[in-house]
Structure formats: C-alpha cells, structure tokens
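All of the numbers you see were taken from the coordinates with simple rules; none came from a lab. All values reported here derive from a predicted model rather than from experimental measurement. Because the Cβ atoms are built from the backbone with ideal geometry, glycine has one as well, and the counts that use them run over all protein chains shown.
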Amino acid sequence: LPVAETFTFRDEASGVSLSDVAGLHNLVTVVDAASIFEQLGTMDTLVDRGWQAGAGDERGVAHLLCEQLEFADVLLLNKLDLVSVAQVATVEALLRKINPTAEIVRTERSVLDPAKLLGTPRFSMQAAAAHPQWLKEAREHEHTPETVEYDISSFVFRAKRPFHPARLHAALGRRPLEGALAGLLRLKGFAWVASEPTQPMPAALVMS
C-alpha cells in the first residue's frame, strides 16, 4: 500500500510526481509456500526482527504479512518443490480467503516468465483509494478519526498458549458477549487452537 501511495505524491518544489514518469501495473507479493503458516503463526513483532517501519511500529510479523497479502494484485506462490500437492492446495485456499481478487501464480525457485507480470496491468488506483488505510498518514489531521468520533478502539490479543476449542466456541457464541469481549464489534485474524496446533485457524466475527 505505501508503494502505491507514492505514485500520488507531487514534489512541492518541482511539481513532479512519480506517476509522471512511471506507471504502476502490478503489486506482487511473493509467498513462501513452505513457511507461510509458520510465519503467520509466529508471535514475533517487527521490532524483534528489525523490520519495523519506524519508531512506534508495534505490528507483529503476521500483521505485516497479512497486509502484504491483502493488498497484492498478484500472489506469487513460490517454493512448490518443497511442499506436497495437498499442502499447496491448503495454502491456496488460505490465500483466496485473504485476497479473493488476486491472481495466484505458481512458481518453483522463483522462475517466471516476466511477461506474466509486465504484460498484463492489474493494479487499479481507484480500487486502492477505497482501501480504509489509503493515505492514512496524509489524512491523519484532516478530519476526526472514526475511532475518536464513535469511541471505537482496537486491540490485538497475543498469547503463548493455544485456545481451548470448546471454551473459545462458548465464549464467541454467547450473546451478549461477556467479560473482555463485551462491546466487541468485529473480530478478524487467526487463532491458535489446541486441537490444530500446527495450523493457524481463520477467525472472524461481526456483531449485528
């Protein structure tokens, strides 16, 4: 997303924009088929790995990876030589859940005909501008954020122990929600469940 945003900025001194001299055809995310579930299940933060964008960047590795998967036009599913056919199908199913509109291209050792990426433009600036995070930093002081206006906040729950599946089901299925979940409007992400310890489970909940 920050890459796409760069094409909208115009230099105040020269009046020149990157979009004057270059075009954005595709945003591509390379997916390591052999380790994607391990990376999405890690508790590491970007700071832990030295990947942070700057001071105050408290995102987790899984958060960053999900962002890159969600905003891509093309998902390059690589290292297929290291996984089974069944594992490839599982990874593809996850990718289609996270980004149903992206084109998935399978590769081994990143071998790919450049024409597959350069010959077909897929990026839409109009669609990108509709993303809730679009130009968030540039818009920071332009209006009252919804989080302030409607008293809505967000948080990320992390733990080093997996959820008990029955207790998790009971907690999310109760109406109204109680305890720490009282007042919850939306839940989205991945849950580590004890019955499936090696695979992150998609988690989504919208309160009506």
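Numerical summary
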{"quantity": "Options Val91, Leu1, Ala72, ranked by Cα towards positive dipole end of the range 1-112, top entry (Cβ charges)", "calculated": "Val91"}
{"quantity": "Residues with amide H under 5 Å from that of Val193, placed H, sequence gap 5 or more", "calculated": "Phe163, Met201"}
{"quantity": "Debye, to nearest 20: dipole size of the chain, +1 on Lys, Arg Cβ, -1 on Asp, Glu Cβ", "calculated": "920"}
{"quantity": "Sequence ranges 185-191, 84-90, ranked by mean other-Cβ count within 10 angstrom, highest first", "calculated": "185-191, 84-90"}
{"quantity": "Hz values of 3J(HN,Hα) by residue in the range 175-182 - Karplus curve (6.51, -1.76, 1.60), Gly and Pro given as x", "calculated": "10, x, 5, 10, x, 5, 8, 4"}
{"quantity": "Long-range HN-HN contacts of Thr45 with modeled amide H, under 5 Å", "calculated": "Val61"}
{"quantity": "Dipole magnitude (debye, nearest 20) for the range 61-127, charges at Cβ of Lys, Arg, Asp, Glu", "calculated": "80"}
{"quantity": "Those GluC sites (Glu not before Pro) in the range 1-70 that DSSP places in a loop and that have at most 11 other beta carbons within 10 Å", "calculated": "Glu12, Glu58"}
{"quantity": "Net charge of Cβ neighbours under 13 Å - reference Glu38; Lys, Arg +1; Asp, Glu -1", "calculated": "-1"}
{"quantity": "DSSP-defined antiparallel bridges as percent of all bridges, the chain, nearest 5", "calculated": "45"}
{"quantity": "Under Karplus coefficients 6.51, -1.76 and 1.60, residue-wise ³J(HN,Hα) of the range 110-118 in Hz, glycine/proline x", "calculated": "6, 7, 8, 5, x, 5, 5, 9, 8"}
{"quantity": "Cleavage-rule hits, chymotrypsin sites (Phe, Trp or Tyr not before Pro), the range 17-84, DSSP coil, Cβ neighbours within 10 Å at most 13", "calculated": "Trp51"}
{"quantity": "Kirkwood Rh (inverse of mean 1/r, distinct Cα pairs), the range 1-123, angstrom", "calculated": "16.3"}
{"quantity": "Spatially close lysines, pair count over the chain: Cα under 30 Å, gap of eight or more or interchain", "calculated": "10"}
{"quantity": "Kirkwood-based shape ratio for the chain, expressed as Rg/Rh from alpha carbons", "calculated": "0.99"}
{"quantity": "Relative contact order (percent, whole number), the chain, Cα cutoff 8 Å, 6+ residue spacing", "calculated": "18"}
{"quantity": "The chain: calculated mean residue ellipticity at 222 nm from DSSP helix runs of at least 4, using -39500 (n - 2.57)", "calculated": "-7500 deg cm²/dmol"}
{"quantity": "Table column - 3J(HN,Hα) (Hz), the range 57-72, Karplus curve with 6.51, -1.76, 1.60, x for Gly and Pro", "calculated": "7, 9, 5, x, 4, 4, 4, 4, 5, 5, 4, 5, 6, 5, 9, 7"}
